[in-house]
Amino acid sequence: MRALLAAIRCGKGEVEANLAAHLQVISDAQSAGCSLVLFPEMSLTGSADPAVCFGIAERSAAGQPHITQVIAAGGEVAGVQRKRYLGEGEEAFTAACGDTVFEHDGVRFGVAICAESGFDGPFDAAAAAGARLVLFPAAPGLYGRRTNDDSWRAGLTWWQDCGLADARRHARRLRLWLALAAQAGATDDEDFPGLAALVGPDGSVAARLPDWHAGTLGVEIPV
């Protein structure tokens, strides 16, 4: 499976601009022959074809707010994975129950969202359901604003030692491929460290973006 992992800036409330960025990435993915695109947590809306995993802040019919990752393919919503374990600062959202496994292009995969990397459950459930790949979208907000390269580098180092290290641990213990895409850059009131990476079943980083800057990463996932 060829995939494009998008560590992009996702402005808060900038739905039209975010949608335009999504569509451009999807167009790039089509041109590159990718069958899967992964956007960060809360990337805000998207499109379909190839299969797309994008993030929204969702309010359900019952009025409960969720952090949700949507899978879309062929012009249709194929399903959603709502965040089961919330992180610090996400008290306004509601933790969901239930694990969903998806299948596209002959590959079965699960989704674990940002702070869920600190828990075994989402990854164990995906593996138990026969998934060979887990998508790991994230929006790890940094404490304090980034003002120069050194501060951005420090933020990236923290995320590498936290989220990427968790991804490597889960991949190694369950013999899964993990694909990570995190929000990058500065928004109105919060900064994000970026990083797109592919982690192999032995826990090694097979490919990654080099730093905190926004970018996309095309990868072959041999599943």
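When DSSP beta bridges are limited to those with both residues in the chain, what percentage is antiparallel, rounded to the nearest 5?
Of all bridge pairs located within the chain, approximately 70 percent are antiparallel.
What is the calculated FRET efficiency for T187 to S60, with r their C-beta to C-beta distance and R₀ = 22 Å, to the nearest 0.05?
For R0 = 22 Å, the calculated efficiency reads 0.35.
What does the extension gain come out to for A95 and R169, with contour length at 0.36 nm per residue minus their alpha carbon separation?
The span from A95 to R169 would gain 24.3 nm if fully extended.
Could you identify which residue out of S151, S117, S35 has the top mean-square fluctuation in a GNM of the chain using Cα springs shorter than 10 Å?
Fluctuation is largest for S151.
So how much slack lies between E88 and R2, counting 0.36 nm per residue of separation and subtracting their Cα-Cα distance, in nm?
Extending this stretch completely gives an extra 27.6 nm.
Note the full-extension length gain between E14 and D202 as 0.36 nm times their separation in residues minus their Cα-Cα distance, in nm to one decimal.
63.8 nm
Could you tell me which helices of the chain pass both thresholds, a Cα extent of 18 Å or more along their own axis and a mean Kyte-Doolittle hydropathy of at least -1.0, with helices taken as whole DSSP H runs?
TM-like helix candidates: 15-31.
Which of the following values of semi-axes √(5λ) of the Cα gyration tensor in Å was calculated from the structure shown: (i) 28, 22, 18; (ii) 22, 20, 19; (iii) 26, 19, 18?
Structure-derived value, by its label: (ii).
Read-outs: derived from the displayed coordinates by stated rules, not from any lab. The structure displayed is predicted, hence computed values, not measured ones. Ideal geometry is used to build each Cβ from the backbone, glycine not excepted, and the neighbour counts take in all protein chains shown.
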